[in-house]
Amino acid sequence: MFQSFSPNMLKTFELCPKKFYFRYVKNISMPVNDEIFEFGKNIHALASYYLRKENIDRMETSLTPKEKDIWEYLKGINYFKYETVATEYNLSAKLGQYFFGGRLDALLKDGNKYYILDYKTGAIPKNAKYDFQTMIYLLAVQKFFNTDNVTFVYLDLKNRKESVIELTPALEKEYKERLGQITEKIEHEDYIKNKNVCPCEYKIICY
Ligand code: SF4
């Protein structure tokens, strides 16, 4: 049924297969009130321009005090001294029979080591090592850039913390197995079953 998967698709399926059915099989979008997402958009844009060495003077003066505080922290992190490979970068790679991919906030390089940066104005995933975003981005960069030196860095901009996951041969094997298992489940899911993880934005059409 599907040829490609994003981290959000897999996360949604894991949360509730019925929600996945509405969103990705029937293509029904529901409005969500995501203030954190809106707040993060300016920071993401600013970081992207900055890493591409574009002039951000005017953007910086239009930041709110809260955004300015976060931006000053982000601008000072060590990773921003590395070489910029790409920002806001759409990347996908074929792993097994499917393509997996998404949009990376930034891909940087220090010597022969690649670093995927992900800025979080909300929370870092609780189990970052096995988050679908971590797994997919690490494997996609490894494959696309033909490298075994790739690390994922979540930056918690609010609490000024990092979560760092380096791809190892053991993790690569485990990630491929996990992606294989969930795509297998998606292909064979009975979407009528209610997993009862309610409520979500689809509840008005769900019951
Ligand atoms: S309302 Fe509940 S069962 Fe229905 S899609 Fe949302 S989480 Fe799933």
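Values quoted throughout were computed directly from the atomic coordinates according to the rules given, and no laboratory measurement underlies them. Since the structure is predicted, the reported quantities are computational estimates derived from the model, not experimental observations. FYI the Cβ positions are ideal-geometry reconstructions off the backbone, even for glycines, and counts take in every protein chain you see.
Provide, for segment 35-109, the number of lysine pairs with alpha carbons under 17 Å apart, each pair being eight or more places apart or on different chains.
So the count works out to 9.
Antiparallel as a % of all DSSP beta bridges within segment 4-206, to the nearest 5?
70
Residues in segment 95-137, backbone N under 12 Å from the label point at Glu174 (7 Å along the Cα-to-beta-carbon vector): list them, ranges by number please.
Taking a point 7 Å out along Cα→Cβ of Glu174, the residues of segment 95-137 whose backbone N falls under 12 Å are 128-131, 135.
Strictly greater than 32 Å: what percent of every Cα pair in segment 4-206 meets that?
23
Sorting Glu67, Glu60 on the 10 Å Cβ count, fewest up front, what's the list?
Exposure proxy ranking, most exposed first: Glu60, Glu67.
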